[in-house]
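What follows is a short report on a single structure.
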Amino acid sequence: KIFRPEGESTWRCVNVTCPAQLKERLKHFASRKAMDIDHLGPAVIEQLVESGRIKKISDLYTLKQGELVGLERFAEKSAQNLIDAIEKSKTAGLARLLFGLGVRHVGQRAAFILAKTFGSVKTLRETPFEEMELVMEIGPVIAESLKSFFDQKTNLLDIEKLESMGILIEEQVEPTKEG
């Protein structure tokens, strides 16, 4: 299905399992400003999705070196480099994860504010809409978009899988120094 939000000229696909949408979401997730996964470019993403190795974002973290060696232009060294980059991304932090998930209207700044304000995906997910929209620079549009994202069971399952794979879904709090 596709829909066009009122007041917008763009039609949008609502199927999160659509291969074209998955490829674009993976490109965004792996980008420098999101999870910063080196060696995961459009050509690699294309091969991984088309071969059926990746059906959702969390599938990235289940890839093995042997699976990658069979891809075009992938030898053992390049496969290991990608595996290492994926492993490194696990510690990118909550703000980068929130931005990387591609929640509509949640840019880098909003993701940073949400991470600092709520501290974890669980807290953010459980926060009432009314409380969320009161946060400075968030407002009703972003709050509604977040609630819509978290209302989709496939998104929640993918986040749970990301957490089980070792991705940090809580903000690391710096201890305050006295004095």
>> At 0.36 nm per residue, and after removing the present C-alpha to C-alpha distance, how many nm does the segment from Arg125 to Thr62 gain when stretched out fully?
In response: 20.2 nm
> What is the helix-to-structure angle for 108-118, meaning the angle in degrees between its Cα long axis and the longest Cα principal axis of the chain, kept from 0 to 90 and rounded to the nearest 10?
Replying inline: 60
> For the range 1-158, what is the Kirkwood estimate of the hydrodynamic radius, computed as the reciprocal of the mean inverse distance between distinct Cα atoms, to one decimal in Å?
Replying inline: 16.8
> Which of the lysines could be linked to Lys116 by a straight reach, that is with a Cα gap under 21 Å, when you skip same-chain ones fewer than 8 residues away?
Replying inline: Lys33, Lys90, Lys147, Lys177
>> Shape verdict for the range 83-179, please, from the Cα gyration tensor: rounded (a/c under 1.5), prolate (a/b greater than b/c) or oblate.
In response: oblate
> Which of the aspartates and glutamates could a cross-linker bridge to Lys64, judged by Cα under 15 Å and excluding same-chain residues fewer than eight apart?
Replying inline: Glu76, Asp84, Glu87
> Against the longest principal axis of the chain, how steep is helix 19-30, in degrees 0 to 90 to the nearest 10, with axes from Cα atoms?
Replying inline: 80
>> Leaving out ligands and nucleic acids, and using a 1.4 Å probe, what accessible area per residue does the range 61-104 come to in Å²?
In response: 51
> Listed highest first by mean packing, meaning other Cβ atoms within 10 Å per residue, what order do 115-126, 87-98 come in?
Replying inline: 87-98, 115-126
> Helix 139-151 sits at what angle to the longest principal axis of the chain, using alpha carbons and giving 0 to 90 degrees rounded to 10?
Replying inline: 50
> From a point 7 Å beyond the Cα of Thr154 in the direction of its Cβ, which residues of the range 31-57 have a backbone N at a distance under 18 Å?
Replying inline: 46, 48-57
> Between rounded, prolate and oblate, where does the range 106-163 land on the alpha carbon gyration tensor, with a ≥ b ≥ c its root eigenvalues, rounded for a/c under 1.5, else prolate if a/b exceeds b/c?
Replying inline: prolate
> Going by the alpha-carbon gyration tensor, a ≥ b ≥ c the square roots of its eigenvalues, is the range 8-55 rounded (a/c under 1.5) or, if a/c is not under 1.5, prolate (a/b greater than b/c) versus oblate?
Replying inline: oblate
>> Can you give me the % of accessible surface on the range 1-62 that is carbon or sulfur? Probe 1.4 Å, all protein chains present, nothing else counted.
In response: 52
> What nm distance separates the two modelled labels at Asp38 and Ser78, each placed 7 Å from Cα along Cα→Cβ?
Replying inline: 1.6
>> Roughly how far apart, in whole Å, are the Cα centres of the range 114-174 and the range 52-105?
In response: 22
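The values are calculated or read from the model by the stated rules, or taken from the named source; none is laboratory data. Because the structure is predicted, anything quoted here is derived from the model rather than measured. All Cβ positions, even for glycine, are placed from backbone atoms using ideal geometry, and neighbour counts span all protein chains on display. All accessible areas refer to the heavy atoms of the entire protein, side chains included, with ligands and DNA or RNA removed. Shrake-Rupley method; radii C 1.70, N 1.55, O 1.52, S 1.80 Å.
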